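Structure first, commentary second.
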Amino acid sequence: MSSLTVTDEQVAAAPAKMIQPAWVRLMHWVNALAMILMILSGWQIYNASPLFGFSFPREYTLGGWLGGGLLWHFAAMWLLMINGLAYVITGLATGRFRKKLLPITPMGVLHDVRAALTFKLGHDDLTVYNYVQRLLYAGIIVVGVLIVLSGLSMWKPVQLYYLVMLFGDYPTARYVHFFCMAAICAFLVIHVLLALLVPKSLRAMIIGR
Amino acid sequence: MKTVSKFNDAVQDFIFNPDALAPTFPESAITKPFPFNAYYDLDDAPEIDADDWKLEVRGLVDNKKSWTLPELYKLPQVSQITRHICVEGWSAIGSWTGTPLRDFLKLIGADTRAKYVWFQCADKDGYNSPLDMRSALHPQTQMTFKYANEILPRAYGFPMKIRVPTKLGFKNPKYVISMEVTNDYKGGYWEDQGYNSFSGS
């Protein structure tokens with residue numbers, strides 16, 4: 001608790017402190033756009049040959065038909081991959097990942113989940129992520145890497161055979177790709193909901209402060 | 001969007017390794033039944049009379065003679081058990097037997113510096129598809145005459161299909177009636193509607 005007090009004081013002393021640097025904001029919103037394009041075009045592709053007993057509603061798909069969906073998917077993938085790669089490299093090189101996302105301890109996560117569920121989790125200092133945020137943000141980066149790797153496996157199963165081997169075989173890569181998408185959608189719902197509940201965090205992601 | 005698709009053609013051509021083989025599988029892995037798939041029902045699939053059928057050869061080749069089925073059956077054949085991957089996402093493992101296309105192209109004296117081998121088919125509305133020369137010369141690209149060691153049934157493209165395990169299914173034309181070696185991009189049934197033209201695996 002004492003460390004929390006210290007950071008509170010720091011915030012009070014420097015109210016205009018930069019919370020989200022420009023590169024984080026830029027890459028966040030580029031990623032948001034790319035992800036939405038990938039998900040909506042991905043649902044179009046899914047509908048051509050559903051893995052499970054359901055299809056996505058047509059009005060939530062992109063491209064009009066399979067061919068159109070594929071064009072969107074294989075165009076937006078460049079945006080997603082280049083932006084994602086730049087984000088991971090910058091996050092590692094600047095030490096942001098280490099500083100912001102680590103450590104993640106089971107006790108810390110349990111404590112903050114309990115606090116969150118009882119609405120006692122504070123957001124006084126937006127520069128410090130609580131353990132639930134750390135787990136979700138680190139987790140979604142891992143899911144992001146997995147969805148790109150499984151996607152590349154499906155796109156080039158012969159040329160990138162070693163990637164396919166990572167997942168076992170082509171059909172398994174398809175399921176991995178699907179479940180990563182599901183995880184990202186679940187993240188998206190929670191993430192947007194919480195951003196709206198703590199509007200200053202949304203403001204920080206737009207103007208930085 | 002079309003521009004990005006052309007860019008993706010170039011990227012795929014760049015990363016295409018002519019020596020990279022599609023994975024092969026044991027007979028026990030074969031998908032049964034292997035799905036029939038087309039833009040029409042099986043009842044509308046071409047019914048080709050073997051005695052009337054000839055493979056027409058056109059374009060940049062030394063010998064433009066047409067080939068009858070008995071003549072083609074005399075060429076050396078090899079088998080492969082590979083995964084067919086559809087543009088829709090599903091896949092199925094099948095067993096195909098036939099003559100490597102590169103052996104046939106050599107036999108007819110094709111100019112293998114040409115850009116494409118363009119196939120025309122007997123499907124209703126006229127199916128066709130271009131195959132880039134490097135994929136045409138890939139060791140596993142095959143003029144297929146048999147499925148599961150039996151003469152290719154009507155459902156799978158009798159009398160001849162082109163099996164390209166390094167391409168998506170729609171780049172594996174069935175009911176082939178002619179091939180043309182050409183430097184011109186002549187388009188294709190699905191390619192013209194927007195499927196990526198290279199569509200390599």
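Read-outs: derived from the displayed coordinates by stated rules, not from any lab. Since we're looking at a predicted model, the values are computed, not measured. Neighbour counts are summed over all protein chains in view; Cβ atoms, including those assigned to glycine, are modelled from backbone coordinates with ideal geometry.
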Discussion item. Connecting C-alpha atoms closer than 10 Å in a GNM of chain A, tell me which of A:Phe179, A:Phe52, A:Phe97 has the biggest fluctuation.
Written reply: A:Phe52
Worksheet entry | Rounded to whole Hz, the Karplus (6.51, -1.76, 1.60) HN-Hα couplings of segment A:95-110, x for glycine and proline | x, 4, 4, 5, 5, 8, 9, 10, x, 10, 10, x, 5, x, 5, 4
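Can you give the relative contact order of segment A:17-207 as a percent, counting alpha carbon pairs under 8 Å and 6+ residues apart?
18
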Worksheet entry | Formal net charge of residues neighbouring B:Thr112 (Cβ-Cβ distance under 9 Å; K, R +1; D, E -1) | +2
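Please compute, for peptide B:85-94, the average count of beta-carbon atoms on other protein chains lying within 10 Å of each residue's beta-carbon. Intermediate results must be reported in sequence, preceding the final value.
Details: counts 6, 2, 6, 8, 14, 6, 7, 1, 2, 0.
Per residue, the number of nearby Cβ atoms from other chains is 5 on average.
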Worksheet item: For segment A:144-153, what does the Karplus curve 6.51 cos²θ - 1.76 cosθ + 1.60, with θ = phi - 60°, yield as ³J(HN,Hα) per residue in whole Hz, taken in order and with x for Gly and Pro?
Response: x, 5, 5, 5, 5, 5, 5, x, 4, 4
Response to the item:
Quick calc, segment B:83-148, dipole around Cα centre from Cβ unit charges on Lys, Arg (+) and Asp, Glu (-), nearest 20 debye, gives 240
Practice prompt. Using a Förster distance of 45 angstrom, determine the FRET efficiency expected from the C-beta separation of B:Ile108 and B:Asn149, and round it to 0.05.
Written response: 0.95
Discussion item. Suppose R0 equals 56 Å. What FRET efficiency, 1/(1 + (r/R0)^6) with r the Cβ-Cβ distance, do B:Tyr40 and A:Ala93 give to the nearest 0.05?
Written reply: 0.55
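For chain B, what is the charge dipole size about the Cα centre, in debye to the nearest 20, if Lys and Arg each add +1 at the Cβ and Asp and Glu each add -1 at the Cβ?
Values: 23 positive and 25 negative charges, 118 e Å.
Result for chain B is approximately 560 debye, rounded to the nearest 20.
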Worksheet item: Just how far, in whole angstrom, is segment B:33-54 from segment B:142-201 if you go by their alpha carbon centroids?
Response: 13
Worksheet entry | Dipole of segment A:122-209, positive end: most advanced residue of A:Leu188, A:Ser201, A:Val158 [Cβ charges, Cα centre] | A:Ser201
Practice prompt. Could you list which residues have their amide H under 5 Å from that of B:Ala110, counting only those 5 or more apart in sequence or on another chain, with H placed in the peptide plane?
Written response: B:Asp62
Discussion item. Running a GNM on chain B with Cα contacts under 10 Å, which residue among B:Ser28, B:Ser79, B:Ser135 ends up with the highest mean-square fluctuation?
Written reply: B:Ser28
Worksheet item: In whole Å, how far is the Cα centre of segment A:170-195 from that of segment A:62-120?
Response: 11
Worksheet entry | Alpha-carbon Rg with Dmax, taken over segment A:17-207, Å | 18.0, 52
Item to complete: Compute the whole-percent fraction of alpha carbon pairs in the protein assembly as shown spaced more than 40 Å apart.
Response: 32
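Could you give the alpha-carbon Rg of chain B over 2.2 N^0.38 Å, rounded to two decimals? If you can, show how the numbers build up before the last one.
Values: Rg = 15.8 Å, N = 201, 2.2 N^0.38 = 16.5 Å.
Scaled against compact globular proteins, the figure is 0.96.
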Worksheet item: Assuming R0 = 45 Å, what is the FRET efficiency of A:Val109 and B:Ser28, from their Cβ-Cβ distance, to the nearest 0.05?
Response: 0.50
Practice prompt. Report relative contact order for segment B:2-193 in percent, whole number only (criteria: Cα-Cα under 8 Å, sequence separation at least 6).
Written response: 25
Worksheet, complete the sentence: Taking Lys and Arg as +1 and Asp and Glu as -1, residues besides A:Asp112 with C-beta under 13 Å from its C-beta add up to +3
Worksheet item: When chain A is treated as a GNM, springs tying every alpha-carbon pair under 10 Å, which of A:Leu135, A:Leu117, A:Leu193 comes out with the largest mean-square fluctuation?
Response: A:Leu117
Practice prompt. Rounded to whole Hz and in sequence order, give me ³J(HN,Hα) for segment A:48-60 from the Karplus expression 6.51 cos²θ - 1.76 cosθ + 1.60, θ = phi - 60°, writing x for Gly and Pro.
Written response: 5, 7, x, 7, 10, x, 8, 10, 7, x, 3, 5, 9
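In percent, what relative contact order does segment B:109-201 have, based on Cα pairs under 8 Å that are 6 or more apart in sequence? Please list the in-between numbers first.
Details: 172 pairs, mean separation 33.1, N = 93.
The value is 36 percent.
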Discussion item. Show me the ranking of peptides A:170-177, B:45-52 by mean Cβ neighbours inside 10 Å, starting with the highest.
Written reply: A:170-177, B:45-52
